[in-house]
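Chemist: Here it is, the structure in full.
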Amino acid sequence: MNIAWKEIKKNKVRFLILGSIVFLVSLLTFIISGLAIGLSQDNAALIKDLPDGEFYMTEDSDQTYNLSRITKSTEDELLKKNQDAVAFSIQMGFLDDSGGKQRSVAFVTSTDSKLFTNVEKGEIVLDSSMEDEGIKTGDTLTNNQHSGKFIVKGFVEQKKFSHSPVAYINMEDYQEMNHVEEMQLAFIPGKDALQEFKGLQSFSKKDFLNTIPSYNAEQMSLNMIVWFLVVISGMLFAIFFYMMNVQKIGLYGILKAIGMKTRELFKMMWTQMIFITVIALILSITLSQVFNVMVPKGMPFNLTFETTVQLSLVFLIIGFIGATLSGLQIKKVEPLQAIQQGEV
């Protein structure tokens, strides 16, 4: 420990450069992770906020929810067998306000259930982001595929689908707008909700989210960037400590000659790695949480405590692996040969 600390003080600039790079890489990783979580909520909060359970759509829909049409008899069978089950449909569309401004929304309707907001015919309940845009309770909205008008009855928090605010409408209004009688999807809440129904295919929540094209592609791209940055941080540690170890071959030879064990040399290197990583992570976590608080309301960003802890542990593990791999050459150091080749 003493030797590790003395070396850090002696080579302050080298360790400061490594710490700065780790700080920047970890900060960028936290920011992109927060963006990934925020975008996932903005893309599918309607589904993500549902409890664990099983989703059902027709087998011939090719795992595309808006091509699914569950027959009335199958829907009745499913709802009769499961008291908490719900059938629902989602359709992207537009609403026009009194000023003629068109707004993109995701129309949602469902059978009677506490999992979804149920409204009367001619009424509509919107995601709270619409309120931020100037829509108020009691306002009148229209849709060119609907013969009547919608009266805004209220707002719900954080209900988005495909980056559009959700608009809950009555089943009769939905059927008139889309000229369909059947529901697209069914959901049975509960960890042991898996059942078989003729003509239906079941999905866990995670699997169902991956059937949404925009969600799957978006999350895959962002997660790939995050893990790429994590791998880069491991490579940085490996390269840095490898170069340091090459320059200290002579020192290691002398330390081994006076009786220091290889394990102690590794401990010295691990101590330096942990010190640099922890300091860099404290700074990057602090700045990322400040960003999390100060981010504009409309920006889809949400860096959770759980994600922060997980990524911090990953950085420490990756740093440990990188430093250890670079130090494998220490085991091969022969005291006499090292003293002859290196300089203290």
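The values are calculated or read from the model by the stated rules, or taken from the named source; none is laboratory data. Quick caveat, the model's predicted, so the values are computed rather than measured. Glycine gets a Cβ as well: all are built from the backbone with ideal geometry, and neighbour counts include every protein chain shown. Ligands, DNA and RNA are excluded from the accessible area calculation, which covers all protein heavy atoms including side chains. Shrake-Rupley method; radii C 1.70, N 1.55, O 1.52, S 1.80 Å.
Chemist: Just checking, how many residues over the stretch 235-282 are among the small types (Gly, Ala, Ser) and open to solvent by less than 10 Å² (accessible area, probe 1.4 Å)? If you could, list the steps in order and put the result at the bottom.
Modeler: Our first condition is that a residue be among the small types (Gly, Ala, Ser); within the stretch 235-282, this holds for 238, 250, 253, 257, 259, 280.
So of that shortlist, the ones also open to solvent by less than 10 Å² (accessible area, probe 1.4 Å) come out as 250, 253, 280.
Count: 3.
Chemist: Okay, next question. Being under 25 Å from Tyr56 (Cα atoms) and touching a residue at least 12 places away in the same chain (Cβ under 8 Å) narrows it down to one of Ser147, Ser164, Ser104, so name that one. Quick ask: steps written out before the conclusion?
Modeler: Details: Ser147 fails: under 25 Å from Tyr56 (Cα atoms); Ser104 fails: under 25 Å from Tyr56 (Cα atoms).
Ser164 is the lone residue from the list that is under 25 Å from Tyr56 (Cα atoms) and touching a residue at least 12 places away in the same chain (Cβ under 8 Å).
Chemist: Oh, and also: Conditions: (1) more than 22 Å from Ala44 (Cβ to Cβ); (2) open to solvent by 20 Å² or more (accessible area, probe 1.4 Å). Asn118 meets all but one. Number of the miss?
Modeler: Against the list (1) more than 22 Å from Ala44 (Cβ to Cβ); (2) open to solvent by 20 Å² or more (accessible area, probe 1.4 Å), Asn118 comes up short only on (1).
Chemist: Output the number of the condition that Leu24 fails; it satisfies all remaining conditions of (1) hydrophobic (A, V, I, L, M, F, W, C); (2) at pLDDT below 90; (3) open to solvent by 80 Å² or more (accessible area, probe 1.4 Å).
Modeler: Result: Leu24 fails condition (2) only.
Chemist: So, one more: Of all residues in the stretch 37-68, how many are over 20 Å from Phe155 (Cβ atoms) and among the aliphatic types (A, V, I, L, M)?
Modeler: 4
Chemist: Right, here's the next one. For Gly93, all conditions in the list (1) in contact with a strand residue (DSSP E or B) (Cβ under 7 Å, 6 or more places away or on another chain); (2) over 22 Å from Lys48 (Cα atoms) hold save one; what is the number of the exception?
Modeler: Here Gly93 meets the rest and fails (2).
Chemist: Name the one entry in Asp76, Asp132 that is modelled with pLDDT of 90 or more and out of contact with any strand residue (DSSP E or B) (no Cβ under 9 Å at 6 or more places or on another chain).
Modeler: Numbers: Asp132 fails: modelled with pLDDT of 90 or more.
None of the other options fit; the residue is Asp76.
Chemist: Can you name the number of the only condition in (1) open to solvent by 50 Å² or more (accessible area, probe 1.4 Å); (2) part of a helix (DSSP H, G or I); (3) not acidic (Asp, Glu) that Gln201 fails?
Modeler: (2)
Chemist: Regarding His163, is this residue on the phi > 0 side of the Ramachandran plot, more than 31 Å from the chain's Cα centre (by Cα) and open to solvent by 50 Å² or more (accessible area, probe 1.4 Å)? Quick ask: steps written out before the conclusion?
Modeler: Details: on the phi > 0 side of the Ramachandran plot: yes; more than 31 Å from the chain's Cα centre (by Cα): no; open to solvent by 50 Å² or more (accessible area, probe 1.4 Å): yes.
No, not satisfied.
Chemist: Here is a follow-up. Scan Lys48, Lys101, Lys121 and give me the residue that is over 25 Å from the mean Cα position of the chain (by Cα) and at pLDDT 90 or above.
Modeler: So the residue among Lys48, Lys101, Lys121 that is over 25 Å from the mean Cα position of the chain (by Cα) and at pLDDT 90 or above is Lys121.
Chemist: Shifting gears a bit: Of the numbered conditions (1) surrounded by fewer than 18 Cβ atoms within 10 Å (Cβ to Cβ); (2) assigned to a helix (DSSP H, G or I); (3) touching a Leu at 6+ places or on another chain (Cβ under 9 Å), Gln41 satisfies every one except a single condition; which is it?
Modeler: Gln41 satisfies all of (1) surrounded by fewer than 18 Cβ atoms within 10 Å (Cβ to Cβ); (2) assigned to a helix (DSSP H, G or I); (3) touching a Leu at 6+ places or on another chain (Cβ under 9 Å) except (3).
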